[in-house]
1. Confirm whether GLN167 is of a type in the set (S, T, N, Q) and surrounded by 20 or more Cβ atoms within 10 Å (Cβ to Cβ).
2. Only one of these is surrounded by fewer than 20 Cβ atoms within 10 Å (Cβ to Cβ) and not β-branched (Val, Ile, Thr): GLY117, GLY146. Name it.
3. Tally the residues that are in contact with a Leu (Cβ under 8 Å, 6 or more places away or on another chain), at pLDDT below 95 and more than 29 Å from ARG171 (Cβ to Cβ), restricting the search to region 90-118.
4. Within region 251-305, which residues are outside any strand (DSSP E or B), touching a helix residue (DSSP H, G or I) at 6+ places or on another chain (Cβ under 6 Å) and closer than 21 Å to ALA359 by Cα?
5. For region 235-290, name all the residues that are in contact (Cβ under 8 Å) with a residue 24 or more places away in the chain, polar (S, T, N, Q), more than 20 Å from GLU302 (Cβ to Cβ) and crowded, with 16+ Cβ neighbours inside 10 Å.
6. Regarding region 200-218, can at least one residue be identified that is among the β-branched types (Val, Ile, Thr) and within 26 Å of the chain's Cα centre (by Cα)?
7. Wholly within region 129-248, which helices (runs of 4 or more DSSP H) include no fewer than the required count, namely at least 1 residues that are more than 30 Å from THR283 (Cα to Cα), in contact with a strand residue (DSSP E or B) (Cβ under 8 Å, 6 or more places away or on another chain) and acidic (Asp, Glu)?
8. Does region 295-302 contain any residue that is touching a strand residue (DSSP E or B) at 6+ places or on another chain (Cβ under 8 Å), free of Cβ contacts under 8 Å to residues at least 40 places away in the same chain and not small (Gly, Ala, Ser)?
Amino acid sequence: MSELQTSLLIIGIAVVIAVYGYSWWQQRQYRRRFGAAFQPHREDVLYQRPVAERPVDELLAEPTVDAVDALDRDTGQALPAVSLSGEPLRMQVAEGVCALLDAATDYIAILSLNGPGDAQALAPLWQQRFDFGKNVRACGLNAASGAWEKVVAESTLSYSAFKLALQLADRSGAVSETRLMDFRDLARDIAAQMHAEAELPDVAIARARALELDGFCAEVDQMIGLNILPSGERKFSGNEIAGMAELHGMELQADGAFHLLDANGHTLFSLGNYDNVPFQHHTLGQMWSGGLTLLLDVPRVEQPAQRFDGMAVLARQLAMGLRAALVDDHRVALGESGIAQIREQVAAIESRMLSGNIAPGSAQARRLFA
């Protein structure tokens, strides 16, 4: 074999590997988003449990607890911050996102200052915060109140310590070891400039945790969809869809889908075009659709199994109002057993998330599944 032939063979093998790798990545992303969304449930009869059996308002009832960011997911109690020595500090109640920072979900560098410092010392972090591919958070121990709180660049407060955190994983995957090292080095440089003591976790351990977290998230990251299709060649008009969506309290959002929001402004369900063409306010009057898909983003809603019950009720109401059928992804009518099987999947995901100490719909879940 000549040198040219050998080179061409190597190039060909490299191309095949690259194509295979890209295909695997695409399939993995698809499974993470839609793996359990449209399982085949070949039922011949449309599920017609009376809507009055469980009112949709009851099924969509929301918990009344507000500041979930600062509460323990199991006990509902405020989360106490911990000093560098491991002892609880007086009045160190973490607020908002600071309560969510954890070694299981974030690489956390702790900088202990010799004297009060301000947010200006974190200027390098503000300048490079978008270079790491994941969310970067900064929390400071308020020198006056003794409470951990989110630090912003414009803050004029004084702090006695900082936590600089890099999220380990999100829906795009796990953070790379290279970016973890870059973040660690940045935190070390900031600490040196401030003459602060730095507690920097081991990068290899953090990377292992990132992979573990990403594996867990990929396992439970599912969207459940119910399709609403007209019969024959009939199509829905854009105005018809908008009117029915608004009748059920759904609002058209920037992503081109109608959303039903909870009391905190978080999406419960979204109603999108079956053909993935986005809905837009200025084109609704001229738009026609061959079908709709009602979606439940399982990890991002509280009590997903109960939410699915409400979703099934809403889907039947929409189908009835639009004189359409409720079907699976194979255009087969969804009967009672099909709906029940989907609910079992949702309940299994909910149980798996709770066993992994990430409550569905919690602030922690919303940032991991973003």
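The values are calculated or read from the model by the stated rules, or taken from the named source; none is laboratory data. None of the values given here were measured: they were computed from a predicted structure. All Cβ positions, glycine included, derive from the backbone under ideal geometry; neighbour counts span all protein chains shown.
1. On the way: of a type in the set (S, T, N, Q): yes; surrounded by 20 or more Cβ atoms within 10 Å (Cβ to Cβ): yes.
So GLN167 fits the description; yes.
2. GLY146
3. 3
4. Of everything in region 251-305, those that are outside any strand (DSSP E or B), touching a helix residue (DSSP H, G or I) at 6+ places or on another chain (Cβ under 6 Å) and closer than 21 Å to ALA359 by Cα turn out to be VAL298, PRO299, ARG300, VAL301, PRO304, ALA305.
5. Selection gives SER289 alone.
6. Going through region 200-218, the residues among the β-branched types (Val, Ile, Thr) turn out to be 203, 205.
Filter once more, so that each one left must be within 26 Å of the chain's Cα centre (by Cα): 203, 205.
Yes, there is a match, as at least one residue in region 200-218 is among the β-branched types (Val, Ile, Thr) and within 26 Å of the chain's Cα centre (by Cα).
7. Fully inside region 129-248 and qualifying: 203-220.
8. Checked region 295-302: no residue is touching a strand residue (DSSP E or B) at 6+ places or on another chain (Cβ under 8 Å), free of Cβ contacts under 8 Å to residues at least 40 places away in the same chain and not small (Gly, Ala, Ser).
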